[in-house]
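**Q** Handing you this structure, nothing more for now.
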Amino acid sequence: MNNSVRNTARLIGAGLRALLVLTVVCGVVYPLVVTGVAQAAFPGKANGSEVSSHGKVVGSSLIGQRYDKGQDKDGNPLPDLRYFQPRPSAGLGSNKTNGVNTQYDLQVSGASNLGATNTDLIKAVKERRHWVSTTYGVPASKVPADAVTSSGSGLDPHISPAYAQLQAATVARRNHLPVGTVEKLVEKHTDGRILGFMGEPRVNVLELNIALKERVEKAGRG
């Protein structure tokens, strides 16, 4: 019996020592080392890839956001057409739909998981295509896919160059800028494929809108 008690006590002691060591290594040392390396080598990415304008953080280059000018009588957000609009966000965290872009929800990220034959998805795509077509004055056949469908995360910060160029004329008119000036901004903020072959060309909406706002302010001062 005494040997059994001693063996049990020894095992418990060994377990507690292992728990203490692993807690210190994995819970203190490792996080501090990883944080230190990240802050030294990649401070921007480590701090959330924040994007600033006039010294103020206005968002992250990794997370999409809306650009609205209030709400309609039903409480649905109204897109501010002075700015480039993002793709729809219809992920797990979206509970309210206005037929155009459901609200970005940073607390819950994910896809809607609706199949291609789902009647709700088909209806939403048709409504979004109609909105884009009538708002920007283009044929429905010219509306790109990312203008009417959400991404897998529901928080995509990018749109396709085609969708950005489609919006350029309206954005230019609303800001009293030449169309060519706005189109050049789109071209300047179009990123190519990663390493030249992965993914598709894309435009970061937040960064483009910041550049647009700076151009409008410059024109106003001029």
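**Q** Please arrange ILE122, ILE194 by accessible surface area, largest first, computed with a 1.4 Å probe and ligands excluded.
**A** The ranking, largest first, comes out as ILE194, ILE122.
**Q** Could you work out the local net charge near ALA140, counting Lys and Arg as +1, Asp and Glu as -1, over the other residues with Cβ closer than 14 Å to its Cβ?
**A** Surrounding charge for ALA140 is +3.
**Q** Can you give me the relative contact order of the chain as a percent, contacts being Cα pairs under 8 Å and 6 or more apart?
**A** 17
**Q** I would also like to ask the following. Can you give the three extents of the C-alpha atoms in the chain along their principal axes, from longest to shortest, in whole Å?
**A** The Cα atoms of the chain stretch 89, 48, 41 Å along their principal axes.
**Q** Then there's this: Probe 1.4 Å, all protein chains in place: accessible area of LEU114 in Å², nearest 10?
**A** Around 80 Å² of this residue is reachable by solvent.
**Q** Continuing with this model, one more query. What accessible area, in Å² to the nearest ten, does a 1.4 Å probe give for LYS123?
**A** Solvent-accessible area, nearest 10 Å²: 120 Å².
**Q** Against the longest principal axis of the chain, how steep is helix 205-221, in degrees 0 to 90 to the nearest 10, with axes from Cα atoms?
**A** Once rounded, one gets 50 degrees.
**Q** Sticking with this one: Using only Cα atoms, tell me the angle between helix 179-188 and the longest principal axis of the chain; keep it within 0 to 90° and round to the nearest 10.
**A** Rounded to the nearest ten degrees, it is 20.
**Q** What number, rounded to the nearest 500 deg cm²/dmol, is the helix-based mean residue ellipticity at 222 nm of the chain, given -39500 (n - 2.57) per DSSP H run of at least four residues and division by all its residues?
**A** Here the helix-only value at 222 nm equals -14000 deg cm²/dmol.
**Q** If the elastic network links every pair of Cα atoms under 10 Å, which of HIS130, HIS189, HIS54 fluctuates the most in the Gaussian network model of the chain?
**A** Top of the fluctuation ranking is HIS54.
**Q** Between CYS26 and SER4, what's the calculated FRET efficiency when r is the beta-carbon distance and R0 is 30 Å? Round to 0.05.
**A** Once the sixth-power term is evaluated, E becomes 0.40.
**Q** Right, here's the next one. Mind pulling the angle between the C-alpha long axis of helix 119-136 and the longest principal axis of the chain? Nearest 10 degrees, somewhere in 0 to 90.
**A** Roughly 50 degrees between the two axes.
**Q** Amide H to amide H under 5 Å from SER53: which residues, 5+ apart in sequence or cross-chain, H placed 1.01 Å off N in plane?
**A** VAL58
**Q** Positive end of the charge dipole of the chain (Lys, Arg +1 and Asp, Glu -1 on Cβ, about the Cα centre): tell me which of GLY13, TYR163, SER52 has its Cα farthest that way.
**A** Towards the positive end, the residue furthest out is GLY13.
**Q** Which net charge results when you count Lys and Arg as +1 and Asp and Glu as -1 among the other residues whose beta-carbon is under 14 Å from that of GLY180?
**A** Summing Lys/Arg as +1 and Asp/Glu as -1 gives +2.
**Q** If you don't mind, there's one more thing I want to ask. Say each of ALA116 and THR181 gets a label point 7 Å from the Cα, pointing the same way as Cα to Cβ; how far apart are those two points in nm?
**A** The modelled label-to-label distance comes out at 4.3 nm.
**Q** Is any residue of the range 151-174 close enough, with backbone N under 15 Å, to a label point placed 7 angstrom from the Cα of ALA219 along the Cα-Cβ axis, and if so, which?
**A** From the range 151-174, the list is 167-174.
**Q** With +1 on each Lys and Arg Cβ and -1 on each Asp and Glu Cβ, and nothing else charged, work out how big the dipole of the chain is about its Cα centre, in Debye to the nearest 20.
**A** So the magnitude is around 200 debye.
The values are calculated or read from the model by the stated rules, or taken from the named source; none is laboratory data. Please read all numbers here as calculations on a predicted model, not as lab measurements. When we count neighbours, we look across all protein chains shown, and the Cβ atoms used for this are built from the backbone with ideal geometry, even at glycine. The area values use the complete protein model at the heavy-atom level, side chains included, leaving out ligands, DNA and RNA. Shrake-Rupley method; radii C 1.70, N 1.55, O 1.52, S 1.80 Å.
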